[in-house]
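These notes are about the structure you will find just below.
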Amino acid sequence: MMQCFHFMVEPAKSLTTKVKESHKRWKKEKKEPLDEDQLFVAELARELSRVCQRSAILEHIWTQDDTWPASLCRTFVLQWASMLESKKRPMQTDGWPEMGGVNQLQPIGEQNLLQAKTAIRNWMKDLRAQPEQSVWPGEPVVKALEDLQSAWRWGRIPNLLSAMELVMWTLIMQRPDKDTVPQQWLAWKQRTQKIGATSYIPLPVWEWISDAAVDVTLDLDTANPDLFISGDEKRMRCGFERKDVPNYHRRFDGWWCAVGVEGFTSGRRYWEVEVGERDWRLGVARESALRKGFKSLNADTGYLTLRLERGTELKALTVPFTALPPDLIPRKVGIHLDFDCGQLSYYDVDKHCHIYTYNERFTEKMFPLFGTVEIVKDLVIQSPTAKAQCLCPAPCLWG
């Protein structure tokens, strides 16, 4: 009986191996020849991988395991040529390299692309002069690269663009403090590409964002009288009757909004909000911003916000407003205020993805802002540091 069983299993195992080998050959044969721009990026990836220690992740690019669309390659070349050129010029007053954004929807001139490739090739000559594996990027960079590689293998990111950009940033910046490179890279990405700059934020960088977590509570004296606020001042929804409360000058009496108790004048702060599927508004408000009536709450009136309308339209309330892709609509929003850097960034907490960033110069106290039209489900403010404190179901907090 055992002999019969062995006889039945062995051919099946052999067949499985043959199928796998056949599939690998098929994948290899199905690869289309790369165009000139794709080959250029692959060549650059090879040189970066040769010089930078622990950057074996880039091998996937130059061996064609990860092939980017030609349009993405061209955009990448133009952006990084601009970065290299900016390093030759004086820095801006805020200490960031000059960097012109490149719109992928606009046609790219062949002459501009040729000049960009020349600039990168000149830089690559310097790379080739360096010994193999001569640059140590620092442990935080290595951890970020490893996390990006894992995300790519599991299909959470479409390509290794972010990994290659992080290596480029590390080599170009030449900063002695390698611990801050991933954070500097993220801030730069959000400054040069406001919408969806990183489709996946590496875990070490995400932990750095979360380290700025604060306990945010709603200021009852600012809440619209139509809002119900929970006893812990972290949940809000719309009611059916307007409460009889003092109409303070700082209270919203038009839009269904409230601000946090504490305002911020420096440093980094991070908080999270469960928003659900109905309309909401999140961001920050200047201390001097008017809160009465139904005047637009946008960047010109002292409000930096993200708003979901009709459950499908996500927009940043710039002037004019900036429409955001529907695939960026989150269920839980992370908000990161970097006062000194001048950035207010939004993230999809569940996916660890960037949504949008305001780049501003903050000159006065900024208060967290919350708005909702929900009458059933609460908008819930959360602090990442409080997640592990209680795993039991939340009690009823309404009086």
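The values are calculated or read from the model by the stated rules, or taken from the named source; none is laboratory data. Predicted, not measured: the structure shown is a model, and the values here were computed from it. Please note: Cβ atoms are built from the backbone with ideal geometry, for glycine as well, and neighbour counts cover all protein chains shown. Ligands, DNA and RNA are excluded from the accessible area calculation, which covers all protein heavy atoms including side chains. Shrake-Rupley method; radii C 1.70, N 1.55, O 1.52, S 1.80 Å.
Conditions tested, residue by residue: (1) over 30 Å from residue 140 (Cβ atoms); (2) among the hydroxyl-bearing types (Ser, Thr, Tyr); (3) in contact with a helix residue (DSSP H, G or I) (Cβ under 8 Å, 6 or more places away or on another chain).
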site: 178; (1), (2), (3): no, no, yes
site: 192; (1), (2), (3): no, yes, yes
site: 223; (1), (2), (3): yes, no, no
site: 226; (1), (2), (3): yes, no, no
site: 237; (1), (2), (3): yes, no, no
Which numbered condition trips up residue 152, out of (1) among the hydrophobic types (A, V, I, L, M, F, W, C); (2) touching a helix residue (DSSP H, G or I) at 6+ places or on another chain (Cβ under 7 Å); (3) farther than 24 Å from residue 120 by Cα? (2)
State all residues of region 117-132 that are touching a helix residue (DSSP H, G or I) at 6+ places or on another chain (Cβ under 7 Å) and assigned to a loop (DSSP other than H, G, I, E, B); if no residue qualifies, say none. 130, 132
Would you tally the residues in region 250-301 being in a strand (DSSP E or B), farther than 16 Å from residue 378 by Cα and open to solvent by 20 Å² or more (accessible area, probe 1.4 Å)? 3
Answer with yes or no whether residue 345 is among the small types (Gly, Ala, Ser) and within 23 Å of residue 198 (Cβ to Cβ). yes
